[in-house]
Amino acid sequence: MSGGTVVAGVDGSEPSLAAAEWAAREALDRAVPLLLLHASPPLPPRISPVPGEDAWGYVGEQMIRQAAADLAERHPGLEVTGEHATTAADEALLTAAGSAGLMVVGARGWGGFDGLAVGSVALRVATAADCPVVTVREGPPDRETDREAEVVAALDAHGHLAETADFAFRAALARKARLRVVHAWALPAAAPSAWMIGVLEEDRGRWEDQESQAMSDALRPWRTRYPQVEVFPDIVLLNPAQALVRSSARALLLVVGRRTADRVAERHLGPIAHAVLHHAHCPVAVVPHPA
């Protein structure tokens, strides 16, 4: 895989260090530099005098320097640098995302509370970054040597899928993994009657055949471009988020799309992306694409 610099947000927490490790492997695969970014806004003067503020910044700089040195030692050939920013973490990461090929963050940092799945910084970066964002949980299972492991992608054969499909195929190719393409659909909440469900079940085979053909047609350009990637279309009548979370149990990576907008304030995560960020069992890549 190729592209711009891989940027990892690091605050010294276990999830952020897991994200930095994931980012280091990705940067090596892509043959691009890795930038470790730590951010801490200045402390209010009433809380800390100037010496205290200097110490606050010094600790951050030392931490990021040590993290970069550790990664360089573990990954020979990796070009890694560290940077300390004196702004809010989400602002620093979103600024860096403007020129990055990929952003990697831990699902949560030092803030938050026990049981919190995704912190506010990770959520905002995944929602508003200009580049794809991978969110990594603390200590994810190492499935790199699992022959059954796969990359999972949420793709809609009837919607815009170029950026998401390209990211997913490249990820599968880099990992020599099978690509499971999930296309799921659930019964409308306003249709609980047994009669309606019965009709839908009767037509289920026809629907699956139609959707399988539509997905096959939609993926044809990528199958031609990436003939080495084995593709498994997974057409299922199930809540999409539930189907993706279930598929993530053996996945190396779960890839979902996000509609973007010119103004950052107008960008948001859809319900499926939001759900998998909180409940997936593997790293999640959120790929922005035009509405």
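The values are calculated or read from the model by the stated rules, or taken from the named source; none is laboratory data. Computed from a predicted structure; not experimentally measured. All Cβ positions, even for glycine, are placed from backbone atoms using ideal geometry, and neighbour counts span all protein chains on display. Remember, those area values only see protein heavy atoms, side chains included, never the ligands or the DNA or RNA. Shrake-Rupley method; radii C 1.70, N 1.55, O 1.52, S 1.80 Å.
With every protein chain kept in the model, how would you rank 207, 185 by accessible area, 1.4 Å probe, largest at the top? Can you show the working numbers first?
Details: 207 55, 185 100 Å².
Descending order: 185, 207.
Would you mind putting 173-182, 276-285, 81-90 in packing order, based on average other-beta-carbon counts within 10 Å, highest first? Walk me through the intermediate numbers first.
Details: 173-182: 20.3, 276-285: 22.1, 81-90: 17.7.
Sorting 173-182, 276-285, 81-90 by mean packing, highest first, produces 276-285, 173-182, 81-90.
Excluding residue 12 itself, calculate the net charge of residues whose Cβ lies under 13 Å from the Cβ of residue 12, where each Lys or Arg counts +1 and each Asp or Glu counts -1. Show your work: numbers first, answer last.
Values: positive: 65, 108; negative: 11, 14, 61, 70, 138.
Within the 13 Å Cβ shell, the charges total -3.
A simple spin-label model places pseudo-atoms 7 Å from Cα toward Cβ; at residue 230 and residue 14 they are separated by 3.4 nm.
Using a 10 Å cut-off on Cβ atoms, rank the peptides 6-16, 20-30 from the highest mean neighbour count down. Before the final figure, lay out each step's value.
On the way: 6-16: 24.5, 20-30: 21.6.
In decreasing order of mean packing, 6-16, 20-30 become 6-16, 20-30.
A probe of 1.4 angstrom, applied to the heavy atoms of all protein chains, finds residue 252 with accessible area near 20 square angstrom.
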